[in-house]
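Enquirer: Quick one: structure below, then a few questions.
The values are calculated or read from the model by the stated rules, or taken from the named source; none is laboratory data. Keep in mind it's a predicted model, so treat the numbers as computed, not measured. Methodologically, a virtual Cβ is constructed for each residue, glycine included, from the backbone with ideal geometry; neighbour enumeration extends over all protein chains shown.
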Amino acid sequence: MKLSDLGENHVVARLTRALALGADVRVGAGDDCAVIGRPRDPHWQLLKTDVVIECVHFLPTDDPRRVGWKALCRAISDIAAMGGTPQHALITLAAPPDFEMARAAALYAGLRRAARRFGVSIVGGETARSPGPLFLNVALTGTVERGRCILRSGGRPGDALYVTGRLGGSRAGRHLDFTPRLAEARWLTENFQLHAMMDLSDGLAADLPRLAAASQCGFTLDESSLPKTKGCTVQQALTDGEDFELLLALSPRAAIALEAAWSQHFPRLPLTCIGKLNEQSKSKDRESKIAPGHDHFC
């Protein structure tokens, strides 16, 4: 059986189900980051690794500075989705021997720009020879206060679902210039009791079912309310992927206060209610009608 026959969710589940975990592992594979720490530690450590591959996540003709920015910001977006703060990064670059040094330097210029913007220290890594294509891997650490660590699995039936920003358009180049919602996530976890949160990397059609499943809930999605990027269709907003916006769930009562406060703090960034979580058995039919999102193995 091939990876493409199973799909990403099943591949990850089968590869990680028997991994040994130490007593200090609060969260292993299956969320935006791994979470490490003892139960009563005031701060927990976040661990994330992410890779961008030529001809999969970017094109050979793309500006390498934008590719470097994207590579680090993808991992920062996952730290944000846990409510945390990024700290230290290790970079692995594997390139063909004839890859131009000027392009490699430009990749690192993009990495440095992202690191300065979001307070990350690039502390080392690895370079290796690749027969092609080029790939750039980021291993990133972060920290989060124990009471502000938000998982995918805390959603409850009745919770309102919100997304930040606008969706769709990554295939037109937006995926190289996005801004991870680090400041917004920190503000959210400081001021509101979120039940669940994740970043939208594979598209709402793929990621919303993952959050709902982790929370053992179903969901109802109002497609007419989706905040689409100008010129995008509903289908593109659902399936283009690489939006790197936040998807969050919280109680309807808290949602009323959130909407009022959000417009004061982030007037230029939309926050949109797109549906709600509900009892799993009540939404199976609705979930099956959502067009499939991005899958790394299909």
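Enquirer: Six or more apart or on different chains, Cβ under 6 Å: which pairs go from a residue in the stretch 229-255 that's touching a residue at least 12 places away in the same chain (Cβ under 8 Å) and of a type in the set (Phe, Trp, Tyr) to one that's surrounded by fewer than 23 Cβ atoms within 10 Å (Cβ to Cβ) and not in a helix (DSSP H, G or I)? Could you list them?
Expert: Filtered contacts from the stretch 229-255: 244/178.
Enquirer: Then there's this: Scan 127, 141, 164 and give me the residue that is hydroxyl-bearing (Ser, Thr, Tyr), surrounded by fewer than 19 Cβ atoms within 10 Å (Cβ to Cβ) and either under 20 Å from the mean Cα position of the chain (by Cα) or within 28 Å of residue 92 (Cα to Cα) (or both).
Expert: That would be 127, the only listed residue that is hydroxyl-bearing (Ser, Thr, Tyr), surrounded by fewer than 19 Cβ atoms within 10 Å (Cβ to Cβ) and either under 20 Å from the mean Cα position of the chain (by Cα) or within 28 Å of residue 92 (Cα to Cα) (or both).
Enquirer: A follow-up question, please. Could you grab me the full set of residues in the stretch 152-164 that are part of a helix (DSSP H, G or I) and out of contact with any helix residue (DSSP H, G or I) (no Cβ under 8 Å at 6 or more places or on another chain)?
Expert: 154
Enquirer: Follow-up. From the list 183, 206, which residue is part of a helix (DSSP H, G or I) and under 30 Å from residue 116 (Cβ atoms)? Spell out how you get there, then give the answer.
Expert: Numbers: 206 fails: under 30 Å from residue 116 (Cβ atoms).
Of 183, 206, the one residue that is part of a helix (DSSP H, G or I) and under 30 Å from residue 116 (Cβ atoms) is 183.
Enquirer: Mind listing just one residue for me: the one in the stretch 246-298 that is aliphatic (A, V, I, L, M) and in a loop (DSSP other than H, G, I, E, B) and, of those, modelled with the highest pLDDT?
Expert: Looking at residues that are aliphatic (A, V, I, L, M) and in a loop (DSSP other than H, G, I, E, B), I get 269.
Enquirer: Within the stretch 39-58, restricting attention to residues that are charged (D, E, K, R) and more than 14 Å from residue 83 (Cα to Cα), which residue is surrounded by the fewest Cβ atoms within 10 Å (Cβ to Cβ)? Explain how you work it out, then say what you get.
Expert: Here is the first cut: in the stretch 39-58, the residues charged (D, E, K, R) are 40-41, 48, 50, 54.
With more than 14 Å from residue 83 (Cα to Cα) added as a condition, the list becomes 40-41, 50, 54.
Values: 40: 6, 41: 13, 50: 20, 54: 19.
Of everything passing the filter in the stretch 39-58, 40 is surrounded by the fewest Cβ atoms within 10 Å (Cβ to Cβ).
Enquirer: Something else now. When residue 146 is evaluated against the numbered criteria (1) within 18 Å of the chain's Cα centre (by Cα); (2) surrounded by fewer than 23 Cβ atoms within 10 Å (Cβ to Cβ); (3) not hydrophobic (A, V, I, L, M, F, W, C), which criterion, by number, is the only one it fails?
Expert: (1)
Enquirer: A follow-up question, please. Listed residues 221, 167, 188, 208; which is touching a helix residue (DSSP H, G or I) at 6+ places or on another chain (Cβ under 6 Å) and in the same structural domain as residue 253 (by TED's automatic domain parsing)?
Expert: The conditions single out 167.
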